[in-house]
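Colleague: Dropping the structure in here first, questions after.
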């Protein structure tokens, strides 16, 4: 019987009984190294069964996972620009001239200009133009514009007093309808998510029972195989010792 085979079977059996040891030994296997690992990383394999997997809180598992992440982070060196097919980012596409001027003011740490009330003033003509008809004409036109502006504001206030309440009521009703619709969509999405999670849990529990049965069968077969191999090894050793004894007796009889 091959002793290396027995040693490998014994190690596999010990790994089966100690999941943490198996978890720490996986990375040292040739299967997880070289081009094979690179090819595997390009495929998406969902092998997590969170509803039936256990042992995440056992000592050493978190440290081993963090060590794996740190090792991969240390080895990973990006060599490709994943955004090279996109056009250059234009950060000023939606800026207006007023926004650019304001950003420039903020960049230069200048204070904000005080709101100018000059357009609401009614200044008389300058002292040197008190007898100038054109200057007085401009002042009269300015006063008329200001009067019309105030008259328009009064009309707007009257319209707001008459129709503003109803307009705001309609606006609030529209917002309420939008809110109700969004809440219904949210409830529908949550229900769909809950159904997906329930289906996933139900499927994993069913698969988990089958996996436990298969694992139990496999453990029994491996244990039985190990016991058989151990018994064969002991029988071979006994046969070897028996053969040596017979050879020793034959030599003693010849002498």
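The values are calculated or read from the model by the stated rules, or taken from the named source; none is laboratory data. Please read these numbers as outputs of a predicted model, since none were measured by experiment. With ideal geometry, Cβ positions are generated from the backbone for all residues, glycine too; neighbour counts draw on all protein chains shown.
Colleague: Mind telling me which of the residues 166, 209 ends up being out of contact with any helix residue (DSSP H, G or I) (no Cβ under 6 Å at 6 or more places or on another chain) and either modelled with pLDDT of 95 or more or over 30 Å from residue 50 (Cα atoms) (or both)?
Modeller: After applying the criteria, what remains is 166.
Colleague: Let me ask something else about it. Just checking, which of 56, 82, 76 is modelled with pLDDT under 80 and under 30 Å from residue 206 (Cβ atoms)?
Modeller: 56
Colleague: Next question, about the same structure. Go through the stretch 134-191 and give me each residue that's under 37 Å from the mean Cα position of the chain (by Cα) and surrounded by 11 or more Cβ atoms within 10 Å (Cβ to Cβ).
Modeller: none
Colleague: Okay, moving on. May I ask you to list pairs of residues, at least six apart or on different chains, whose Cβ atoms are under 6 Å apart, with the first in the stretch 193-206 being within 13 Å of residue 49 (Cα to Cα) and the second being outside any helix (DSSP H, G or I)?
Modeller: The qualifying pairs are 201/51; 204/49; 204/51; 204/52.
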